[in-house]
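The values are calculated or read from the model by the stated rules, or taken from the named source; none is laboratory data. Given the structure is predicted, the values throughout are model-derived calculations rather than measurements. Every residue, glycine among them, receives a Cβ derived from its backbone with ideal geometry; neighbour counts consider all protein chains shown. The protein model used for the area step is the full one, side chains on, heavy atoms only, and it has no ligands, DNA or RNA in it. Shrake-Rupley method; radii C 1.70, N 1.55, O 1.52, S 1.80 Å.
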Amino acid sequence: MPRRVTPFASVVLAENPGVMTLEGTNTWVLRAPGADSCVVVDPGPLDRGHLDRVAAHGPVDAVLLTHGHPDHSEGVNAFARLVGAPVHAADPGFATARLTGGEVVTGGGLEITALATPGHTDDSVSFLVGGAVLTGDTILGRGTTVLDGGLADYLASLRTLADLPEGTTVLPGHGPVLPDVVAVARAYVTHREERLAQVRAAVERLGGAPTARQVVELVYADVDRSLWPAAEWSVRAQLDYLGVA
């Protein structure tokens, strides 16, 4: 069943819990009070039961995609066919209408503004609507995200989010809703700067051009090893940022 979290946003949780997905992927259904139709953000995995549950809240005017990782996008084409709606995404491989940032998508009685926020992935997009921001995996509801894109881009995206009005609600791709994007974006920047200092120190200790795995073994020694493969993504981005081949 959907859970309403703001006057215009409800979440349908996909049944794909895991280390990377927390309780599962949050599929967001956006609808102005009294509107007959809606906009769906991140249909999630190719799980027909989940897609049918989301489609039941239609008609759907548009489908938005925060980024192309499969836990958000695998079901997008099937869902778009199911509901007969266009897909708005940064990656042209998914998009009926491509997003580059600044576009306004109308649907469900709402105006939704796309905000380019690369870093978690190169194609990451956030969406501003009604005093809230849908962040995909750029900001999670719990913990911090991994980097499958560039660190410089990610830090710039966090600072963009930190410049939004205080009290802007975070509707994340995984985990619970957060009350203030400004506070959490600033905390993410601090965390990234601290990790970068740790990686820099590890590189100096190891000497030469260490692998991401070697750095992870030092910097993430106190982290559950099941998370090390994901940590390697972020460390590779940090090594690239530092110019370490």
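Descriptive notes on the structure:
- Computed [θ] at 222 nm, helices only, for the chain once each DSSP H run of length n ≥ 4 contributes -39500 (n - 2.57): -10000 deg cm²/dmol
- When both bridge partners sit in region 1-95, DSSP labels roughly 65% of those beta bridges antiparallel.
- Here the Kirkwood formula, the inverse mean of 1/r across different C-alpha pairs, assigns region 138-182 a hydrodynamic radius of 11.1 Å.
- Quotient of the Cα radius of gyration of region 45-90 and 2.2 N^0.38 Å, N being its number of residues: 1.03.
- 1.4 Å probe accessible area per residue over region 1-48, in Å²: 46
- By average C-beta atoms within 10 angstrom, highest first, the peptides 7-13, 52-58: 7-13, 52-58
- Among LEU158, LEU196, LEU206, the largest mean-square fluctuation in a Gaussian network model of the chain (Cα springs under 10 Å) belongs to LEU206.
- The share of alpha-carbon pairs in region 1-98 lying farther apart than 17 Å comes to 44%.
- Karplus-derived 3J(HN,Hα) values for region 24-41, using 6.51 cos²θ - 1.76 cosθ + 1.60 with θ = phi - 60°, are x, 7, 7, 9, 9, 10, 10, 7, 5, x, x, 6, 7, 10, 8, 10, 10, 10 Hz; glycine and proline are entered as x.
- The coefficient of translational diffusion for region 75-221, derived via Stokes-Einstein from the alpha carbon Kirkwood radius under 10 °C and 1.306 mPa s, stands at 95 µm²/s.
- For the chain, the dipole from Cβ point charges (+1 on Lys and Arg, -1 on Asp and Glu) about the Cα centre works out to 180 debye, to the nearest 20.
- Cα-Cα separations in the chain greater than 23 Å, expressed as whole percent: 48
- Evaluated on region 85-165, the Kirkwood hydrodynamic radius is 13.1 Å, with distances taken between all distinct Cα atoms.
- Convex hull volume per residue for region 130-211, taking Cα atoms only, in Å³: 93
- Radius 9 Å from Cβ of ALA89, net charge of other residues (Lys, Arg +1; Asp, Glu -1): -1
- With contacts taken as Cα pairs under 8 Å and at least 6 residues apart, the chain reaches a relative contact order of 13 percent.
- Beta bridges by DSSP in region 92-224, antiparallel share as percent, to the nearest 5: 75
- Accessible surface of the chain [probe 1.4 Å, protein heavy atoms]: carbon and sulfur percent: 52
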